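These notes concern the structure reproduced below.
What follows is calculated from the coordinates using simple rules that are stated; it is not laboratory data. From a predicted model like this one, the values you see are computed outputs, not experimental measurements. With ideal geometry, Cβ positions are generated from the backbone for all residues, glycine too; neighbour counts draw on all protein chains shown.
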Amino acid sequence: MTSRKKSATKQKADEILIPDKLYFRIGEVATLCRLPAYVLRFWESEFPQLKPVKSSTGQRMYRRRDVESVLRIKELLYGQGFTIAGARQQLRSDAKSDKGQVAIPFPAQSPAEIQRIRQGLREILDLLSTNRKTG
């Protein structure tokens with residue numbers, strides 16, 4: 001019966017769709033992730049990956065990646081039976097393996113193209129410097 005319960009929990013975690021929003025309040029995250037808000041606040045103190053920004057009124061505002069982290073932490077703790085320390089270590093090793101797969105943001109440029117871009121930037125800098133002196 002325990003294994004059936006674990007697989008049902010895993011299926012529920014997989015089915016959660018995160019709405020397309022910039023920020024989520026703690027109550028929205030709690031409802032979405034099916035966790036009490038106090039658990040989220042506790043996890044913030046235990047997992048450095050979980051750092052929601054605070055609004056001017058002090059309201060926690062979670063980004064999409066924070067919600068994804070909450071779901072991953074929940075899966076590690078409740079689905080896979082990790083301890084908090086073990087889950088923290090697993091998240092660290094996940095982050096290390098992800099760093100090796102980061103895509104280069106810009107295509108490689110030929111040396112001649114880079115030289116042309118630098119020259120253009122120097123010209124812009126000269127124009128700005130000339131305008132500052134005369135203005």
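Things worth noting here:
- Each of the peptides 19-26, 76-83, 120-127 was scored by the mean count of other Cβ atoms within 10 Å over its residues; in descending order, highest first, they stand as 76-83, 19-26, 120-127.
- Spin-label model distance (nm) - residue 119 vs residue 78, 7 Å beyond Cα toward Cβ: 6.2
- If you bin all the Cα-Cα distances of segment 44-101 at 5 Å, starting from zero, the percentages per bin are 4, 18, 23, 24, 15, 8, 5, 1.
- Measuring r between the beta carbons of residue 96 and residue 57 and using R0 = 41 Å, the FRET efficiency lands at 0.70.
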